[in-house]
Amino acid sequence: MSTERSVSVRELMEGLNLTLFTPDADLERPITTVDINRPGLALAGYLRYHAADRIQLLGRSELSFLRGMDAREQALRLFAFCSYEQTPCVVVARGETPPDALFREAAMRRLPILGSHMVTTRAAAILSSFLEERLAPETLVHGVLVDVYGIGILITGSSGIGKSETALELIKRGHRLVADDAVVIRQVSDDTLVGSPPPLLQYLLEIRGLGVLNAMTLFGAGAVRTHKKVVMVVHLEAWQEDMAYDRLGIDEETIRILDLDLPLLTIPVRPGRNLAVIIEVAAMNHRLKRIGFNAAQTFSEQLARAIRDEASGTDTPGV
C-alpha cells in the first residue's frame, strides 16, 4: 500500500546542510511537492498563479530586483509574498544575505529562511533531487531484496518457502543483501524503483531454526547494501506436479509495483533444486537480454527454421 509523504523544513535543512537565517521559525512546516519556484513574477506583484506551496528559491536576479525598489514598495511586495501560510520556506542561494524587510515579514509569520552557498541553478537541482527521493511514492513488500551481479532482484513467495535461506546462500556466494522480510520500495522516477530495508531491520536476516542474524557482522560490510534499484522479481512457489511450467522462457511475465511493470520469473521449489544458482543464472540471463541476446528466442527461431527446412526437404547445418 503506497502512502502520501512529506518532508519537514528541518529535514531539508539538516539533509542539505543549509544555513538558518530565522532561528524562531517553524521548522516543522511540511514540504509536499518536489517542484521549486523562482518567484520573480510574485515579487513583481503578479500573484494570480503564484505557486505558494513550493519552496521559494531566491537567486541573484530576484535579490537584485528587490534591492532596486524603494523601501515602501519592497515592504509591500514582501508582505504579499510572505502572506501565504502554505509556503514551506524560502531558500536564498549564492551565499547572499536576504533584505531586512524579508526578515521582518518572515519573523512575523515564523516563515523559515534558509541559505545556500550554491549557485541558483545548482541549488534548484539539489533541492529537487533531495525531494524526489524523500517524496517518492512508497510501498512495503513482503520479500527479500538482493544484489546479484549488479542486478537488484526482489524474491517473493509465501512464508517458509525459502526466501531468506536463498538469500543466505547468495551472500555466501559473494552477493549482497539489501533487505530481508520487509522491503520498502520507492518510485524515484518514471522508470526506477529503489528498494531499502526498514531502519529497524537493516542488515538483519531471519533464518528459521537459527533466529535473527546480522549479515554485516557475520560476512562483513561487503555483504550488505543500504539500497538498490529493483530490476526484476523472482517469485518462489511450491512445486505442483499437475502444473505445466514454462520450459523455454519465451513468454515473459511482468508484475506491477507502484506505477512500474517489472519482469517476473516464477520458480517452482522442491527438494534438490539449488535456488541460489538458479537466481544467479536468472540475473546473468537478464543482463544478456538487456544487451540484445535472448537464448530462448534464438532457440525458438532455429527450431522453427529446422522444421521449415525439414518440411521442404533441405538440411539445416548446425541444427
Whole-percent tail of the Cα-Cα distance distribution for the range 138-299, cut at 28 Å, equals 18 percent
Which distance in nm do the two modelled labels at E253 and D24 give, with both placed 7 Å along the Cα-to-Cβ direction?
6.3 nm
Packing-based order for 15-24, 186-195, using average beta carbon neighbours within 10 Å, highest first:
186-195, 15-24
Report the per residue volume, in Å³, of the convex hull enclosing the C-alpha atoms of the range 31-100.
85 Å³
The long-range amide H neighbours of S8, using H built 1.01 Å from N in the peptide plane and a cut-off of under 5 Å, are I31
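Can you tell me the length gained on complete extension of the stretch R208 to A311, counting 0.36 nm per residue apart and subtracting the Cα distance?
31.4 nm
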Starting from the 7 Å offset along Cα-to-Cβ, what nm value, one decimal, do you get for the label separation of R109 and N17?
3.1 nm
Between the alpha carbon centres of the range 121-135 and the range 176-196 the gap in Å comes to 19 Å
Spin-label model distance (nm) - D70 vs E241, 7 Å beyond Cα toward Cβ
9.7 nm
Quickly rank 87-95, 276-284, 254-262 as a protection proxy: mean count of other C-beta atoms within 10 Å, highest first.
87-95, 276-284, 254-262
Nonlocal amide H pairs with I155, under 5 Å, H built at 1.01 Å
V144, L145, V146, V234
Unit charges on C-beta of K, R, D, E only; dipole of the chain, Debye
960 debye
Normalised alpha carbon radius of gyration of the chain [divisor 2.2 N^0.38 Å]
1.41
Using modelled backbone amide H atoms (1.01 Å from N, in-plane), which distant-in-sequence or interchain residues come within less than 5 Å of G115's amide H?
T19, L20, F21, V92
Unit charges on C-beta of K, R, D, E only; dipole of the range 7-134, Debye:
320 debye
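Every number in this text was worked out from the coordinates using simple rules, so none of it is lab data. Since the model is a prediction, treat every value here as computed from it, not as a measurement. Glycine also receives a Cβ, built like all others from the backbone with ideal geometry; neighbour counts cover every protein chain displayed.
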